[in-house]
Amino acid sequence: MPLLRIEGVAKSFGNFRAVDKLSLDIRAGEFFALLGPSGCGKTTLLRMLAGFETPDEGRILLGGSDIAQVLPHERPVNMMFQNYALFPHLSVRDNIAFGLKRAGMARKDIATRVAEMVALVKLEGLEKRKPDQLSGGQRQRVALARSLARRPQVLLLDEPLAALDKKLRESTQGELMELQRRLGMTFIIVTHDQEEAMTMAGRIGVMDAGRLVQVATPRNLYEAPASRWIAEFVGDINLFNGQVTARDRGRLTVSTTEAGTLAVSELWPPVTKEAVSVAIRPEKVKLSRRAPASDAGASQPINRLEGVVIDVNYLGGITSYRVKLETGAVVRSSMANTARLDVDAYLAGQRVVAWFTADDCLVLEQ
Amino acid sequence: MSARRIFARPARFAAIAPYLWMVLFFLVPFGFVLKISLSQTAIAQPPYTPVFDFSEGRAALAAAFAQLSFDNFGLLVQDNLYILSYLRSLVVAVTSTLILLLIGYPIAYGMARLPQRWQAVAMMLVIVPFWTSFLIRIYAWINILQHDGLLNQVLLTLHIVSAPVVWLSTDSAMYLGIVYSYLPFMILPLYATLSKMDASLLEAAGDLGASPRQAFWLVTFPLSLPGVGAGALLCFIPIVGEFVIPDLLAGSNSLMIGQTLWLEFFTNKDWPVASAAAVALLLLLVPPLVLYDRLQRRQLEANR
C-alpha cells in the first residue's frame, strides 16, 4: 500500500476541467515532482492534497483513509506556499511555532522544536526578525521550516524555488534533497521547471490538460518519453515525421520527407501505427567533417545527414549548432566543450555531416 | 539642461501648496481664535478686548498685548460645566466608536470577501447616503423617531408596544444618528485593509492547523489592526466635536463640548471663553491625531 493513493480524482471550475480523473500512487519517503505547463492542473491537484480544494469525484487515501473531504486544518500534511505566505505580523520564531501551538504542543517542546527547525534551515540568530526584515532566500527558509515543524506525513511544495535567483535556486535544490533524505519525509513538489524536477525528484509525473501523461524517473522521462508532446515538453528534441517502411527484429526503417530514410531501434511497447515521428535529442547528434566509417564494424546502423552549419551558439559547457539539410529541415546538435582550445569547432557556413546511431533515436506515434 | 530643471519649479510649488493651505486656512484662523481666547469679554463690537489696531502705533499694540491673559483657561477648569461637557464628549465618542467598530467590522469583512464585481456594488451602497445632504438625513431620522413617526407606527401596528415610545431627545437617538452618519468612515478604511489581505495567509493558517475561527483571530484580525485604528480615529476625532447630531437628536440635559461652545458663542456671547474651550478641545485632540498619523505612516511603510 502506498502512503498516498489518488484515485480517479476530478475537479472542475465552471466548465473548465482542471483535473480529469487522475490516479497516482506515491510511496512513503519519495521525492515526487508534478511537472507541467501552467494551467495543466498540477497546482489544483496539490491544493486538493492540502485540502484547499475539494475533489468533485474520486478519493485521496492517505495511509489508507480517505482525506478528500477532510478540512485543511485537520490533515497531517503541510504545504509550503509559492509566495511563502509568512505571517507578516509574527517573528520568524512565531511563524515556525504557529502550527505547533495549534497542535497543542507543550511550551517547552515548542521551544525545542523551533530551535531544531531554525538550526535545520540555518536561520540561527534571526529568530526575532519579522518577515519583512529578511531576504528572499531567508524567507524561503522560514517557510520551509514552518511547513516542516509539524513533521507532516507529506510535505507539499508549490513552486518553492520560483522566487529565487538562479544561483540560490541551485544551491537550495541541493539542500532540499539533502533535507528530504535526512528526514525521510515524503515530498511532493509542483514545478513548471523541468530541470528543477529532474534534479530533485526520484519520480516525475508530467501533467497536461488535467491528466497525468507519464510518470517516470527523470532518466526514463528524458530518454523514453511516452509521447511526442512529452518529448517536446521535456528538453530539446529534433523530430522528423515519416512512415514505417520495414520492420526487422527491433529495427525499423522509417522514410521521412525531411531527413530521408532513417534506421531506428524500436522501444517497448512497439508502435502500432505506420505514421510515426523519429525523435533525436540534440546532444546525441554528432557533427563531423566527413561521414564516419561504414557501419561494417558498428553494432548498429548509423544515420548520416549532410548539411551546412547555419548557426553556432557557444554556451560555455556546450556549444549548440543548427545544421540545415538539403531538404531545408534544420537539425540541432549540441556538443560538450571538452577541451579549452577547440581546434575542431565548426563555423557557420561549413559543410558537415550530422550523424547518430539507431539506438539514440526514439520512435513515437504522431 | 536636464529635465530636472524643467520640472523643478512646479514640483516645488506642489510641495509647498499643502503647507500654504494649512497656513491660510488653519494656522491663521487658529491664531485669531487663540488671540480671542486670551482676551476678555466686552459689551462692544467685536465683543472682546483688547482689539489689536495696527494703525495706532507700536506702544498701543504693546499695551494691548499686555492685556492678554490665560484667565479664560482657568475658568474652564473651575466651572465643571466645561469639564462635564468634555467628559460627555469623550464618553459619547468612545461609545459610538465601539458601536461603529462592532457594526462596521463585519460589514467591511463581508464586503472584502464578496466576488470582485459585487465589491464595487457594495462600496457604492456604502457611499450612496453621501449623495443626500447630511442635515436632511438627520431630519429624516427626526421624522422617523418622533412621537407619531414611522418607527412608533410600525411598533404599534405589530403590537410590539402598546403606547408610543419616546425615542427623540434621548441618548439612544443620538447614538443612532452618530453611528448612522459615521458608519462609512469606519467601513471604508477597514475594507481597504481587509480587501488587501493575502488570501494565502489564511490558507497557510488552515494548513498549519488553525480552525477558521482561530485563523480569523490569529491572522486576519491582527493584520487588520491598522485599519481598525484608522477607522476608529477617523470617527472618534470628529465625534468628539460633534454638534449637529446631539443638538437635533439628544436631550438637552447634558451637553457635548460642541454644544457648550455654541451656547457660549451665540447665547452667552462670551467669545473669549468659547474660544478658550475650542483651543482646549483642539489640544485634547492632538494626541489621537498624532496617533492616527503614525498609524497611517506605518501602514504606508508596510505596503511598500
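A short reminder: the numbers here are calculations on the coordinates, not readings from a lab. Predicted model, so just to flag it, every value in this text is computed and none were measured. With ideal geometry, Cβ positions are generated from the backbone for all residues, glycine too; neighbour counts draw on all protein chains shown.
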Original post:
Which residue, A:211, A:139, A:107, tops the fluctuation ranking in a GNM of chain A built on C-alpha contacts under 10 Å?
Top reply: A:107
**OP:** Scan around residue A:207 for amide H atoms under 5 Å from its own, H built in the peptide plane at 1.01 Å from N, and keep only partners 5 or more places away or cross-chain.
**Re:** A:35, A:36, A:213
Original post:
Can you tell which of A:132, A:25, A:248 shows the greatest fluctuation in a Gaussian network model of chain A with Cα springs below 10 Å?
Top reply: A:248
Original post:
In region A:86-138, which GluC sites (Glu not before Pro) fall in coil by DSSP and have 10 or fewer other Cβ atoms within 10 Å?
Top reply: A:124
Original post:
Of all the C-alpha pairs in the protein assembly as shown, what % are more than 42 Å from each other?
Top reply: 55 percent
Original post:
For B:196-206, what's the mean count of beta carbons from other chains sitting within 10 Å of each residue's beta carbon?
Top reply: 6
Subject >> chain A - charge dipole about Cα centre, Lys and Arg +1 at Cβ, Asp and Glu -1, debye rounded to 20 >> reply: 1120 debye
**OP:** Determine the alpha carbon to alpha carbon distance for each of A:11/B:196; A:101/A:130; A:11/A:42 and list only those over 20 Å.
**Re:** A:11/B:196
Original post:
So which residue, out of B:77, B:279, B:179, gets the largest mean-square fluctuation from a GNM of chain B using Cα contacts under 10 Å as springs?
Top reply: B:77
Original post:
Roughly what % of DSSP beta bridges within chain A run antiparallel, to the nearest 5?
Top reply: 80 percent
Subject >> Label-point separation in nm, residue A:217 to residue B:244, each point 7 Å along Cα→Cβ >> reply: 8.0 nm
Subject >> For region B:153-206, the Rg and Dmax computed from alpha carbons only, in angstrom >> reply: 20.0, 56
**OP:** Compute the separation of the alpha-carbon centres of region B:177-220 and region A:35-98 and state it in Å as a whole number.
**Re:** 22 Å
Subject >> Proximal charge balance of residue A:184 [Cβ under 13 Å; K/R count +1, D/E count -1] >> reply: +2
Subject >> Whole-Hz couplings from phi, Karplus 6.51/-1.76/1.60, listed for region A:110-118; x for Gly and Pro >> reply: 4, 4, 5, 5, 4, 4, 4, 5, 4
Subject >> Longest site-free stretch - chain B; sites: chymotrypsin sites (Phe, Trp or Tyr not before Pro), DSSP loop, at most 12 other Cβ within 10 Å >> reply: B:71-304
Original post:
Ranked highest first by average number of other Cβ atoms within 10 Å, how do A:303-311, A:91-99 line up?
Top reply: A:91-99, A:303-311
**OP:** Treat the count of other C-beta atoms within 10 Å as a stand-in for reagent exposure and order A:135, B:55 from fewest to most.
**Re:** B:55, A:135
Subject >> Per-residue mean of C-beta atoms belonging to partner chains within 10 Å, peptide A:78-88 >> reply: 5
